[in-house]
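So that we are looking at the same thing, I have put the structure below in structure tokens.
The values are calculated or read from the model by the stated rules, or taken from the named source; none is laboratory data. Keep in mind that this is a model prediction, so the values were computed, not measured. Cβ atoms come from the backbone with ideal geometry, glycine included; neighbour counts cover every protein chain shown. Please note that ligands, DNA and RNA were not included when accessible areas were found on the heavy atoms of the full protein model with its side chains. Shrake-Rupley method; radii C 1.70, N 1.55, O 1.52, S 1.80 Å.
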Amino acid sequence: MIRGEVLLVDDDPLIRQSTEQWLTMSGFAVTCCSTAHEALSHLSTEFGGILVSDVMMPDIDGLELMAQAQARIPNLPVILITGHGDVDMAIKAVRDGAYDFIEKPFVPERLAEAVHRACEKRQLMLENVRLQQNLATQSGLDTRLIGISPSLQKLRSDLLKCAELDTNVIIYGETGTGKELVAQCLHEFSKRQKKPFVALNCGAIPESLIESELFGHESGAFTGATAKRIGKFEYADGGTLLLDEIESMPHHLQIKLLRTLQEGVIERLGSNQQIPVDLRIVAASKADLSIDDNFRQDLFYRLNVSTLYLPPLRERTEDIPLLFEHYARLAATQHSREPRRISGQDVRTIQQYRWPGNVRELKNIAVRYALDGEQSAAQLLYPQQGELTHERFVDTSLPLAVQVANFESAVIQHALMTHQGNIKAVMDMLDLPRRTLNQKMAKYDLNRSDFLSDAERETQSD
């Protein structure tokens, strides 16, 4: 019975041969290499064994080989062997991720025992990965977070780990990457799944109302408070509270949130009664909170127990056709339409597009694509630009300044439409300062309110 797989690297042929013989006699399957370059050619994600390497080798030494091997296979057990006993080197090797460090001349049984323990650890790691993948498949996580890219696979694995830990989490991601969906999945795969999941967008509520939304208020607490109101903290008790765009939370509320996290109690506005709450906080942000001067660092450290990073769509282009087809097919089914076949040209178009609005933008375009069988992906993605290019830019009777102005207006309209009137997102997309954008919108008679979503219009009207 094979006890494990070993990749052995040593530039000394005699030591390599004798070590191979001993490990083979001890029940291990051994592959020998004389150089680090040769060893790296054997290392891929399918490799199920461990690495045993000499340290002092020409070209690439054992420490550098370990670094490159573990970059390819995270947490790969590596045993380093050297004839140059050096305590500092041993400490550095272990600190950098070595499983064990053995000096020459070594007792063969000592090496065999270390290799056996390292192989057992490797098998446990592989089994854990397999179980997590099965759990994701069986639970349907792969149907919620769709994609085959390495970054999406890592996100699903990290999410399952975070869900089990029941700690506060910060989710980082650009607008439209699906931070609320990830927060919902965290809740659904946690022990809190039977309790409420409550989401609050800190950037969408006026500063004068957000404190009441979070903590609730008693009747008469302020003008207009005609009845007692339960806040989001109380409502989410036992479950999960998502604080989206937490970077926009007012400073004085950051202090109150920190106190709630520290003491596990809240007080409604207009009340002195302390109400205990037990919930998980999931914070979502577009900005790095660790370097945000407007965000309290003590609050950041309270929230930053676990972290999830959502890659933008442009960094996982292999997932774009899968997502597009999924949302297009879903829309067709919901409207009793025959699913529309996506042409090769349309696939190339959607993969070349930058998707500044990420998955949210892709979903909207996919729905329109499914319900309008005549328009191509390019026509849907570049409606203003396409119209102006064919009908006005080739019209030589128009002055150049007019053609340029028409194009500039169309680009700003497209950005406003993409981000549903979010001025900050438009500024980032077009790389324009606020004042310049305001001047150009006024010049072309473009109103932010014309591009808001229905939900935002209802919020503003209230």
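What does DSSP give for the chain in terms of the percent of beta bridges that are antiparallel, rounded to the nearest 5? Please list the in-between numbers first.
On the way: 3 of 39 bridges.
Beta bridges within the chain, antiparallel portion: roughly 10 percent.
Given Ala283, Tyr327, Gly97, which one lies farthest toward the positive end of the charge dipole of the chain, if we put +1 on the Cβ of every Lys and Arg and -1 on the Cβ of every Asp and Glu?
Farthest towards the positive pole: Tyr327.
Remind me, relative contact order of the chain in percent, using alpha carbon pairs under 8 angstrom and six or more residues apart?
Over the chain, the number comes to 11 percent.
For the chain, what does the helix formula give at 222 nm: sum of -39500 (n - 2.57) over DSSP H segments with n ≥ 4, over the residue count, nearest 500 deg cm²/dmol?
Helices in the chain give a 222 nm mean residue ellipticity of -15000 deg cm²/dmol.
Go through Lys92/Lys121; Lys92/Lys179; Lys194/Lys232; Lys179/Lys440 and tell me which ones have a Cα-Cα distance over 27 Å in this structure. List each step's numbers first, then the result.
Numbers: Lys92/Lys121 21 Å; Lys92/Lys179 38 Å; Lys194/Lys232 17 Å; Lys179/Lys440 32 Å.
From the list (Lys92/Lys121; Lys92/Lys179; Lys194/Lys232; Lys179/Lys440), the Cα-Cα distance tops 27 Å for Lys92/Lys179; Lys179/Lys440.
Expressed as a whole percentage, what fraction of the accessible surface of the stretch 208-295 belongs to carbon and sulfur atoms when a 1.4 Å probe is rolled over the protein heavy atoms?
That fraction is 46 percent.
Can you give me the angle between helix 13-25 and the longest principal axis of the chain, using Cα atoms only, in degrees from 0 to 90, rounded to the nearest 10?
It is inclined by approximately 80 degrees.
Set the Förster distance to 41 Å, then compute FRET efficiency between Gln375 and Lys191 from the Cβ-Cβ distance, nearest 0.05.
0.30
Still on this structure, please answer the following. Which sequence of Arg434, Arg192 reflects their accessible areas, 1.4 Å probe, from the largest down?
Arg434, Arg192
What number comes out for accessible area per residue over the chain if the probe is 1.4 Å? Units Å², please. Walk me through the numbers on the way to the answer.
Details: 24360 Å² over 462 residues.
Normalised by residue count, the accessible surface of the chain is 53 Å².
In whole percent, and with a 1.4 Å probe on the protein chains, what portion of the accessible area of the stretch 1-51 is carbon and sulfur?
Values: 1490 of 2640 Å².
Exposed carbon and sulfur together represent 57 percent of the surface.
What is the angle, in °, between the Cα long axis of helix 358-371 and the longest principal axis of the Cα atoms in the chain? Nearest 10 is fine, range 0 to 90.
Approximately 60 degrees, to the nearest 10.
So, one more: Amide H neighbours of Thr307 under 5 Å, at least 5 residues apart or on other chains, H built in the peptide plane: list them.
Placed amide hydrogens put Ile170 under 5 Å from Thr307.
Going by average Cβ neighbours within 10 Å, how do the peptides 107-114, 323-330 rank, with the highest at the top?
So the peptides 107-114, 323-330, ranked by packing, come out 323-330, 107-114.
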